[in-house]
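Peer 1: Below you will find the structure I want to go over with you.
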Amino acid sequence: MFSLKKIFSVLTLSFLVLTILSASVSAAAPANTREAEALRVRTPMNIAILIQDDLISQVGNELGVTRDFIRSLPAGSRVMVGYITSGTLQVRQPFTTDLNSAARSLRIPAGSTAMSAFNPYIEVIEALKKFDASWKGPNAVLLISDGLDVSRGFDATVAGHTLDIDRTINEAKRRDVAIYSFYAPSVGFTSRSRLAASYGQSSLNRVSEETGGRAFFQGTTGFVTFDSYFNRLRRELNRHYASAS
């Protein structure tokens, strides 16, 4: 049988282990809370989420994180959801403060060359026209696209410098809308050609930088989940707009 001294020693050791574990959990909890708070958009905003309809099928797997982003926006935010398809802008959800309704309006991209746009920027311009100048708060577009505009041919000298890209930048500046962009390849050129992908990324980068937004992409092949993109987007939005709250 254990002596009372041994039993006391075991109980003391167990108590110390539990105390250490409890302290570790307590220390980790504030860190996790701070991280979650840092990744929450803090300023109500007006944002149009535009998705190119001929993106590869893997983009459909990212609907969950996209819905989570919409639903996590602060109360008072307005969201529009639209698809860039066959040279037209299909508005699935006009601007609304009902974040759940906006999140539910998302659908899987068609992922077909039949839905390919001549270039995505004509429809971005149409979306920009739907922002109301009387609204308060920051305005933004999240463009999920391959960014490729071949309206003037497939030529390195015009990559990122087509007429419609210039018009998009000018219209966004005029309406004070920052364009953020996620690169994803389409089922067309950009899923088969690294050169086409680099042209598209160059275009997205210029449009975002010159309108006060930011482009997010990683490499010219394969597909990267949007999780890290949304985390970085939240940080960018807070960095730019937290002072307006």
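The numbers here are math on the coordinates, done by the rules we state, and not lab data. Computed from a predicted model, the values in this text were never measured in an experiment. Glycine gets a Cβ as well: all are built from the backbone with ideal geometry, and neighbour counts include every protein chain shown.
Peer 1: Could you pull out every residue, at least 5 positions away or on a different chain, whose amide H is within less than 5 Å of the one on residue 216? Hs are placed 1.01 Å off N in the peptide plane, and Pro or chain starts have none.
Peer 2: Correct list: 181, 182, 183.
Peer 1: How long is the gain from residue 132 to residue 112 if the chain were fully straight, where each residue apart is worth 0.36 nm and the alpha carbon distance is subtracted? Before the final figure, lay out each step's value.
Peer 2: Values: separation 20, 0.36 × 20 = 7.20 nm, distance 3.27 nm.
So the extension gain works out to 3.9 nm.
Peer 1: Once amide H atoms are built 1.01 Å from N in the peptide plane, which residues 5 or more positions from residue 119, or in another chain, come under 5 Å H to H?
Peer 2: none
Peer 1: Please list, in order along region 45-58, the HN-Hα scalar couplings obtained from phi with the Karplus expression 6.51 cos²θ - 1.76 cosθ + 1.60 (θ = phi - 60°), rounded to whole Hz, x for Gly and Pro.
Peer 2: Along region 45-58, the couplings run 8, 9, 9, 9, 9, 10, 10, 6, 7, 9, 6, 4, 4, 4 Hz.
Peer 1: How much FRET efficiency would the formula 1/(1 + (r/R0)^6) give for residue 151 and residue 88, where r is the Cβ-Cβ distance and R0 is 22 Å, rounded to 0.05?
Peer 2: Calculated value: 0.90.
Peer 1: Tabulate in residue order the Karplus-calculated ³J(HN,Hα) for region 74-89, using 6.51 cos²θ - 1.76 cosθ + 1.60 with θ = phi - 60°, rounded to whole Hz; enter x for Gly and Pro.
Peer 2: Taking θ as phi minus 60°, the curve returns x, 4, x, 6, 10, 10, 10, 10, x, 10, 8, 9, 6, x, 10, 9 Hz for region 74-89.
Peer 1: A further question on this structure: Kirkwood hydrodynamic radius for region 42-244: how many Å is it when counted over pairs of different Cα atoms?
Peer 2: The answer is 16.6 Å.
Peer 1: Give the long-range amide H neighbours of residue 78: residues separated by 5 or more places, or on another chain, with amide H under 5 Å away, using H modelled in the peptide plane at 1.01 Å from N.
Peer 2: 45, 46, 47
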